[in-house]
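The values are calculated or read from the model by the stated rules, or taken from the named source; none is laboratory data. Quick caveat: nothing in here was measured; it's all calculated off a predicted structure. Glycine also receives a Cβ, built like all others from the backbone with ideal geometry; neighbour counts cover every protein chain displayed.
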Amino acid sequence: MKLSKKLSLLRKRRWRIRKKINGTAERPRLALHFSNKNIIAQCIDDTKGFTLLHVSSLKSKELKANINSAKSLGLSVAGKAKDLGIKTVVFDRSGRLYHGGVKSFADAAREGGLQF
């Protein structure tokens, strides 16, 4: 199956970012994934290959892949991370440009108390 040029560029950008970003137990990687309909965020410890925290808009009918949902998910990630004792994270935008939903998610997570 042949990839479109846009998808192959996104994949190359994602690989280039992932070479530089690595999460640990003290400072996990906050990976963000936008699909056409939903948003998924995970805090990952890459040394053990273990997901510490998972938040998504899959179970909620009100939350979709837009800016307002990204804000509410950013706040919920920050709240759950505080409960687990996570204060700082490494932000992985998964090859996406830092604007729109990605920017609103990051700003909301910072408002909630996460540092990155």
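Output the qualifying pairs, or none if there are none: Cβ atoms under 8 angstrom, residues six or more apart or on different chains, first residue in the range 7-31 and among the charged types (D, E, K, R), second residue loosely packed, with under 15 Cβ neighbours inside 10 Å and assigned to a strand (DSSP E or B).
Glu26/Thr88; Arg27/Thr88
Going residue by residue through the range 11-33, is there one that turns out to be at negative phi, in contact with a strand residue (DSSP E or B) (Cβ under 8 Å, 6 or more places away or on another chain), part of a helix (DSSP H, G or I) and surrounded by 12 or more Cβ atoms within 10 Å (Cβ to Cβ)?
Yes: one or more hits.
For the range 59-107, what are the residues that are over 22 Å from Ile17 (Cα atoms), hydrophobic (A, V, I, L, M, F, W, C) and assigned to a helix (DSSP H, G or I)?
Answer for the range 59-107, where residues must be over 22 Å from Ile17 (Cα atoms), hydrophobic (A, V, I, L, M, F, W, C) and assigned to a helix (DSSP H, G or I): Ile67, Leu73, Leu75, Ala78, Ala81, Leu84.
Please go through the range 84-101 and pick out each residue that is of a type in the set (Val, Ile, Thr) and touching a helix residue (DSSP H, G or I) at 6+ places or on another chain (Cβ under 9 Å). Please lay out each step first, then the result.
Narrowing the range 84-101 to residues of a type in the set (Val, Ile, Thr): 86, 88-90.
Within the range 84-101, Ile86, Val89 qualify.
Could you identify the single residue in Ala70, Ala78 that is crowded, with 19+ Cβ neighbours inside 10 Å and either within 25 Å of Leu10 (Cβ to Cβ) or out of contact with any Asp or Glu (no Cβ under 8 Å at 6 or more places or on another chain) (or both)?
Details: Ala78 fails: either within 25 Å of Leu10 (Cβ to Cβ) or out of contact with any Asp or Glu (no Cβ under 8 Å at 6 or more places or on another chain) (or both).
The unique qualifying residue is Ala70.
Provide a single number: the residues in the range 38-74 that are touching a Pro at 6+ places or on another chain (Cβ under 7 Å) and modelled with pLDDT under 95.
Initial filter on the range 38-74 (touching a Pro at 6+ places or on another chain (Cβ under 7 Å)): 43-45, 52.
Imposing the further condition that a residue be modelled with pLDDT under 95 reduces the set to none.
Within the range 38-74, residues that are touching a Pro at 6+ places or on another chain (Cβ under 7 Å) and modelled with pLDDT under 95 number 0.
So in the range 1-26, with the set limited to residues that are more than 13 Å from Asp92 (Cβ to Cβ) and among the aliphatic types (A, V, I, L, M), which one is modelled with the lowest pLDDT? Steps first, please.
First, the residues of the range 1-26 that are more than 13 Å from Asp92 (Cβ to Cβ): 1-12, 24-26.
In the following step, the residues that additionally are among the aliphatic types (A, V, I, L, M) were identified as 1, 3, 7, 9-10, 25.
Values: Met1: 60, Leu3: 75, Leu7: 85, Leu9: 88, Leu10: 86, Ala25: 88.
So, considering only residues that are more than 13 Å from Asp92 (Cβ to Cβ) and among the aliphatic types (A, V, I, L, M), the one modelled with the lowest pLDDT is Met1.
Out of everything in the range 34-55 that is among the small types (Gly, Ala, Ser) and not in a strand (DSSP E or B), what residue ends up being nearest to Asn68 (Cα to Cα)? Talk me through it step by step, then tell me what you get.
Of the residues in the range 34-55, the ones among the small types (Gly, Ala, Ser) are 35, 41, 49.
Going one step further and asking which of them are not in a strand (DSSP E or B), we end up with 35, 49.
Details: Ser35: 15, Gly49: 31 Å.
Only one residue fits best here, namely Ser35.
Do we have Gly95 as surrounded by 14 or more Cβ atoms within 10 Å (Cβ to Cβ) and at positive phi here?
Working: surrounded by 14 or more Cβ atoms within 10 Å (Cβ to Cβ): yes; at positive phi: yes.
Considered against the rule, which asks whether it is surrounded by 14 or more Cβ atoms within 10 Å (Cβ to Cβ) and at positive phi, Gly95 comes out as yes.
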